[in-house]
1. Suppose we keep only residues that are surrounded by 11 or more Cβ atoms within 10 Å (Cβ to Cβ) and within 26 Å of THR74 (Cβ to Cβ) within segment 1-44. Which one would you say is nearest to the chain's Cα centre (by Cα)?
2. Go through segment 3-41 residue by residue and tally those that are in a helix (DSSP H, G or I), under 25 Å from LEU69 (Cβ atoms) and not acidic (Asp, Glu).
3. Out of segment 42-60, which residues are modelled with pLDDT under 95 and either of a type in the set (Val, Ile, Thr) or not in a helix (DSSP H, G or I) (or both)?
Amino acid sequence: MTTPDNAALTAMLLELASQLHVERARRIALELALERGGAVAGGAIAALADDPEFRRRSLAALDEAMGRLTRVMTGGNGN
């Protein structure tokens, strides 16, 4: 494995930040559309933070994403 240089790490960090911004904006738009369309009550999505099934799925998704990122950072194949 080669050690990434600072420029490569900076580029990766900026790319991840950009992707995070896009995903956040899309999530907010989706939440707003659902609320305005009457599919969910205002605040219902935020209230899911205390739902055990939501928390389980959210943590599982986080674990999977961190695993992929770790494989990339350590030179794994990412599959």
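The values are calculated or read from the model by the stated rules, or taken from the named source; none is laboratory data. Keep in mind that what you see is a predicted model, and the values were worked out from it rather than measured. Counting neighbours? That spans all protein chains shown, and the Cβs are built from the backbone with ideal geometry, glycine included.
1. Checking each candidate, the answer is LEU16.
2. Number of matching residues: 22.
3. Residues satisfying the conditions are GLY42, GLY43, ILE45.
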